[in-house]
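The values are calculated or read from the model by the stated rules, or taken from the named source; none is laboratory data. Bear in mind that the values here come from a model prediction, so they are computed numbers and not experimental data. As a convention, Cβ positions derive from the backbone with ideal geometry for all residues, glycine included, and neighbour counts pool all protein chains shown. We work out accessible area using only protein heavy atoms, side chains counted, and drop any ligands, DNA or RNA first. Shrake-Rupley method; radii C 1.70, N 1.55, O 1.52, S 1.80 Å.
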Amino acid sequence: MTSTHTKLEERRADIQGLRGLSVLIVVAYHSGILFPSGYLGVDVFFVISGFVIAQSVGRRRHLHEFGIMDFFSRRIRRLGPTFLAVLSTVVVSSGLFITPGNEMKEVMDTAAWSFFSMGNLKLLQLDSYDELKLNPLRHLWSLGVEEQFYIALAFVIYALRTSKSPREKLRTAIRYGFLVSLVATVTLATSAKLILPLLGLTRFQEFASEWARKLSFFFPAFRAWELLAGVLLGFGFLQIPSIAGKNSLVFRRISLVCILLICSTPVIPEWWSLPAALIIVFNSAVLVAPTQLNSRDDVLENRFLVWCGDLSYPLYLWHWPLLVFAQRLFPDQKIAIIGSLLASFCLAAFSTLVIDYRYLVKQRPLRRLVVPCLGCVALLSGAEILVSSGWVSRQLPTVEPKTDNFAAQFECEASQVGWQDRCTFRTRGDSPLVYLFGDSNARSASDGIFAASDSSSWSLTIGALSACPVNFSLNQTTDLCRRVNGERLNLITKTPPDLLIIVNHWTNYANAPRGTYGDYGSEESQISAFRETLERLDELKIPLLVQEQIPICDYTHNYFKYYILSKLRKSPFTCSDWSQLEPLRERMAFAIQAMIEKYSSGARMIDVRSYICDTICAPFRNGVNMFADSSHISRSASKLLASPDARAGSEIMSLGN
C-alpha cells in the first residue's frame, strides 16, 4: 500500500481523500475499533496505486521516452527512506517485545524478505494470515505485492516503448493481463468448492481451499487485476461513461457508500470474498476515474481526509508494529490501542515532514540513501546471525516452539488424506494398538505419548487437528471437523484400539470470556457433547485415557516484560493466568472426571498440573520450558508425562484383559 505523489506533481485532492479514507479503514480494522472487514481497504489502495503510477508515467514522459532507471529511482525515493526507518526500528524493538526462539526468528526472516520486497512470499509459506497477528511486519505483504507488480509492469512498458504503435500494444497487453489475472483469480476461488467436487476429488477440498485463500491473498498474480484496473484508468485505456455526465457526483456517492458498507460487514463468508473484492475494486475505479465535475467533492476533498492521504504511506507502515508492541505490553487494554494510534500519527507526520521532505521536495540525491541502506542491511544481517546462532536465546530462558513436536515433524494432521497410515507408528505386529486423538493439544502431547508407547511397546496412531476436539455428538462447528471426527469414529469402529487417549483444550470450545472458539457453544453444551462421546465409546467397549486440560499460562505475548519484572522484583517468573478461565477449566475437569468414573469400559484422567507445575505454574521449571505458549505445553513438559501415561495406559488395558 503506497502513496506515489510528490509535492512537485499535480495531484487530485479527491484521490488523496480516498487514500486517506482507505488508510483510516485499514487502521481502524487492525485496531479492532471499526470496520470488521476493513482489510478490503487495501484493495482500494491497489486501485489508487495503479491509477496514480500510470498517470505519473504518462504525464512525465511520452511512452517511447520511458526510462526504467528513472522509474525505479522515483519508487526508491518515495518508498525507501521511511521504509528503512520503520524496518530498522522494528528489528531493534523486537529484542524487547518478541519472544526469543522461533517467534523472533520468524520476525527476523520476515524483515529480511521484506527488505527485498518479498514479504508476501515469506508470509505465503506460513500457516495463515490470522496466525501472523502478532508479527509486527505482517502488513508489509502489500508492499511486496505492489513492487513485484511494478517491476513486471516497468519491464513490459520498457520492452514495448520502441515498437510500432507502442501505446496500442501496451493497451492490448494490459487488457489481456487484467483478464488473465481476473479469470485466474475466479478459477482459484471456485476450484475447491465447484471444480474438485465435479472431478470427484472432494477429499482435497480443504487443502485446496487453504491454498486458494493464501495464494489469492499474498501472490501478486492473483492481485494484479486490482492494480491493473487502476492502470487501465490511469493510461486512459478504460473509461466509465456513467461518471462523466451531470449525475457523476451521485454515482460517486453510491460507490463510496458501497465501499463503506462492505468494509463494515461483520463477517464476510468465504464464498463472498471474491464478489466483495470485485465490488470494492469496481467502486474504487468509479471514484478514481477522471470526471467532469463542476464542483468539489466535499466528502473526499475534506481537509482531514486529504491530510490523512498525505500521511497514508508512513501511517500504514508505523501503525501495525506499534499496535503489536502495545498489545504485547498491555493486552486487551483500550488505552494502549489509543496510545499506539496517536503515536502512529505522530511518527507518520514526522516521516512526512522530515524524512520524505528531504528526498521528495528537496530532491536530495539518492546516493545519500546508500549509507542508511547499508546500515539497515548490516542491522538485519547482525540480527539474523544472533537469532539463528541461538545467542539471543542463550541470554534468556528459551521458549520451545509449539510447532516443533513429534506429530508436527511427521506432518500428522488429521485433515490430510491418508493420515491413518502416515501417522501410525508400530513396534511389532502383536503390540497393543493405541490411538491419540484430539486438537492441537494432542500434537503438543505427542512427544510424551510416543515415548510412553515406545517404552511400553505400543503401536501408536495419531489423529490430531487444530481446533477440532474429539466429539462424536451432533454438536460440531466446521465441516472439516465433522469430517475428521467421522473418520476418527470410523477407524475406532473398524479397528478398535486397545486404548484411546484423548487430549483436548476444553475451555477453548466453551462460550467463555476470551474463549477462542465460542462457536462451539456454551459450557453446558460442551459437557453434554462429551457425555454423548463417552456413551458412544462405552458402547464400543473402548478403554479410555483422558489428559486433563493444561493450565492457562499467558506469558509469551509479554515475555520480556514479565521476565524483567520478575528479575527486578526478585520474584519467580510465573504464569499470568487468565483468572476468568481458570474456574471454567476446573469446573469442566470436575464434570469430565465425574463422567469418567461412570465409564464401564475402563477409563482414567491424568492430572497434568501435578506433573508440570509446582505449587504454582511457571513458564520454566528448573530452567526447562514447560509452556510453549498460553495453551500448549512444550516438548519437554510432554516428556514429563511419558511415565504416568505409560503407567495409566497399561493399568487400563490390563483391566480390559
Can you work out the FRET efficiency for the pair Ile385 and Lys133, with r the C-beta to C-beta distance and R0 = 30 Å, to the nearest 0.05? 0.65
If you stretched the chain out fully between Phe282 and Glu168, how much longer would it get, using 0.36 nm times the residue separation minus the C-alpha to C-alpha distance? 38.7 nm
So, by mean Cβ neighbours within 10 angstrom, what's the order for 545-555, 77-87, 643-653 with the highest one leading? 545-555, 77-87, 643-653
Want the number for Ser457 to Thr89: 0.36 nm per residue separation, take away the alpha-carbon distance, what's left? 127.2 nm
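According to the square roots a ≥ b ≥ c of the eigenvalues of the Cα gyration tensor, what is the shape class of the stretch 60-184, taking rounded for a/c under 1.5, prolate for a/b larger than b/c otherwise, and oblate for the remainder?
oblate
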Suppose the chain between Ile33 and Ile338 were pulled fully straight at 0.36 nm per residue; how much longer would it get relative to their current alpha carbon spacing? 108.8 nm
With label points built 7 Å along Cα→Cβ from the Cα atoms of Arg621 and Leu329, find their separation and express it in nm. 3.3
Efficiency of FRET from Cβ geometry, Gln409 and Asp430, R₀ 30 Å, rounded to 0.05: 0.65
Across Lys193/Lys214; Lys402/Lys541; Lys214/Lys402; Lys133/Lys402; Lys402/Lys598, pairs whose alpha-carbon gap is larger than 24 Å: Lys402/Lys541; Lys402/Lys598
Probe 1.4 Å, protein heavy atoms only - accessible area per residue of the stretch 24-149 in square angstrom: 34
Inter-probe distance in nm under a simple model that places probes 7 Å from Cα toward Cβ, at Leu124 and Ile195: 1.6
